[in-house]
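Right, one structure below, let's go through it.
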């Protein structure tokens, strides 16, 4: 590799990084970013719009699962996933998770599901982003005893498409018919004690 | 018989002799075919020799070798890039499917938890919700 190329590559990456961050709604605190070193297993998926469309070209039209996936990602702007699986409990800080949750307590986001289970320590939050009464993104924060997962799907996601996923990938058919942001907020299921 | 007729007879005789039908000697046809084939082969050899003679010039010979080599190299690079792109695309597809599966499993978890909450809560008393009690 030439000296010029060696100098250019970090520069290009440095310029591209803020663009990637802008596309992603969720910003993970440094504490979460460092969890990869503690985790037994880490999954990190960062796919922006062009990458999604490129990947979807390789989805087979003959495979029903892949066909539905292609339809789902057709209009998406990005899919970002961070999942950490730990050997022991208490590997992550609840404050870090709360910091991520706090990012979605804005008017454009609606918390449609929020589960707090003191019995097994599984906490799940699902946030929908609404733009012009249409879903424009979904964030899932799942904080389990030995697993911490953040999912951010950016882009126009039709509720029907989401429901379509019910049969695929193990995604349930959620009863979500957003009319406005207020009813969505009321759909919050509260806490389990 | 006139004088002229007398003179014509020897001429006529000699013509008749010259033009009389005569069978070809034995093996004549084979000889003709063999000669024709020889001529054909010789013509082809001459043509081939003239086409290959282009490469007798060193510059042209090496140019041809270089052109073939370049074509092979370009073809190889193109094929390798195609293979690499396909591998990268397959990896991206796997990543995408993994991301969707994780999202699906977490939504499933949320649904299970919500169902747990719903089943653990007691059914609301319908009697208390009579139209009279609302007013």
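Test residue B:64 against the stated conditions and say whether it is free of Cβ contacts under 8 Å to residues at least 60 places away in the same chain, away from chain A (no Cβ under 13 Å) and touching a helix residue (DSSP H, G or I) at 6+ places or on another chain (Cβ under 8 Å).
yes
Do we find a residue being within 14 Å of chain B (Cβ to nearest Cβ), on the phi < 0 side of the Ramachandran plot and at pLDDT below 80 anywhere in the range A:139-148?
no
Which residue pairs have Cβ atoms under 6 Å apart, sit 6 or more places apart or on different chains, and have a first residue in the range A:101-122 that is within 12 Å of another protein chain (Cβ to nearest Cβ) and a second that is part of a strand (DSSP E or B) and at pLDDT 85 or above?
Once the first residue is within 12 Å of another protein chain (Cβ to nearest Cβ) and sits in the range A:101-122, its partners that are part of a strand (DSSP E or B) and at pLDDT 85 or above give A:111/A:127; A:112/A:126; A:112/A:128; A:113/A:126; A:114/A:125; A:115/A:124; A:116/A:123.
When the residues of the range A:37-79 are narrowed to those that are more than 13 Å from chain B (Cβ to nearest Cβ) and under 17 Å from residue A:152 (Cβ atoms), which ends up modelled with the lowest pLDDT?
Filtering the range A:37-79 for residues that are more than 13 Å from chain B (Cβ to nearest Cβ) and under 17 Å from residue A:152 (Cβ atoms), the one modelled with the lowest pLDDT comes out as A:75.
Evaluate the range A:88-109: report whether one residue or more is assigned to a strand (DSSP E or B) and under 22 Å from residue A:134 (Cα atoms).
At the first step, the residues of the range A:88-109 found to be assigned to a strand (DSSP E or B) are A:109.
With under 22 Å from residue A:134 (Cα atoms) added as a condition, the list becomes A:109.
Yes: one or more hits.
Looking only at the range A:155-172, count every residue that is in contact with a strand residue (DSSP E or B) (Cβ under 8 Å, 6 or more places away or on another chain) and either at pLDDT below 85 or crowded, with 23+ Cβ neighbours inside 10 Å (or both) and tell me the total. Break it down into steps so the answer makes sense when it comes.
Filtering the range A:155-172 for residues in contact with a strand residue (DSSP E or B) (Cβ under 8 Å, 6 or more places away or on another chain) gives A:155-159, A:162.
With either at pLDDT below 85 or crowded, with 23+ Cβ neighbours inside 10 Å (or both) added as a condition, the list becomes A:157-159, A:162.
Going through the range A:155-172 one residue at a time, the tally reaches 4.
Mind listing whichever residues of the range A:83-100 are within 14 Å of chain B (Cβ to nearest Cβ) and more than 15 Å from residue A:126 (Cα to Cα)?
Matches in the range A:83-100: A:83, A:84, A:85.
The values are calculated or read from the model by the stated rules, or taken from the named source; none is laboratory data. Computed from a predicted structure; not experimentally measured. Using ideal geometry, Cβ is built from the backbone for each residue, glycine included, and neighbour counts are taken over all protein chains shown.
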